[in-house]
Amino acid sequence: MLKSAYKRSNGKLQLKIENPEWEDEGYKHYCFYDNYHKHSRIYVKIKESNGKLYFDMLPF
């Protein structure tokens with residue numbers, strides 16, 4: 001997924017970990033941005049609970 005996002009981006013991807021105010025399930029959003037586009041090229045929601053990691057992402 002990251003490789004595909006990199007191919008579609010302009011320049012290097014930069015990771016920003018965000019905690020949106022509307023997020024009410026305890027997920028952190030790992031967003032990858034390039035230098036050109038306003039919105040993230042790809043993001044993964046990750047939550048840690050009871051020693052387990054839960055991933056939530058959009059399908060391709």
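Structure data summary
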item: Vicinal HN-Hα couplings computed from phi for region 11-25 (Karplus, 6.51 cos²θ - 1.76 cosθ + 1.60; Hz; Gly/Pro x); result: x, 6, 8, 10, 8, 10, 9, 10, 10, x, 4, 7, 6, 10, 9
item: Whole-Hz ³J(HN,Hα) from phi, Karplus 6.51 cos²θ - 1.76 cosθ + 1.60, for region 35-48, glycine and proline x; result: 7, 10, 7, 6, 9, 5, 7, 7, 9, 10, 9, 10, 10, 10
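Bear in mind that the values in this text are calculations on the coordinates, not laboratory data. Because the structure is predicted, anything quoted here is derived from the model rather than measured.
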